[in-house]
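For reference, the structure is listed below as structure tokens.
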Amino acid sequence: MTRKKFSKLLKDYRERRGFTQEDAAKHLGVSVRTLQNWEIARNMPRAFGLKALVAALKRPEQKERNRLPT
């Protein structure tokens, strides 16, 4: 995936879930500047952080909706 495509997906994902950059950065444990750099394709997160990034941006109600019935 290119930086540009990743940055667009990240920003769209964050906005659809109603997070501000400040909220998302706090949940991810990074600075707002770092998140901004990811969203403008200046930098990309390290590979080991991608799964954590997706998990951190999910709201609790999203996790409940995505859970399979038991």
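The values are calculated or read from the model by the stated rules, or taken from the named source; none is laboratory data. The structure displayed is predicted, hence computed values, not measured ones. FYI the Cβ positions are ideal-geometry reconstructions off the backbone, even for glycines, and counts take in every protein chain you see.
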Condition check for Met1: in a loop (DSSP other than H, G, I, E, B), at pLDDT below 90 and exposed (fewer than 15 other Cβ atoms within 10 Å of the Cβ): yes
Top-ranked residue of the range 35-50 - restricted to ones that are small (Gly, Ala, Ser) and modelled with pLDDT under 90, ranked as farthest from the chain's Cα centre (by Cα): Ala47
Top-ranked residue of the range 14-34 - restricted to ones that are in a helix (DSSP H, G or I), closer than 17 Å to Val54 by Cβ and among the hydrophobic types (A, V, I, L, M, F, W, C), ranked as modelled with the lowest pLDDT: Leu28
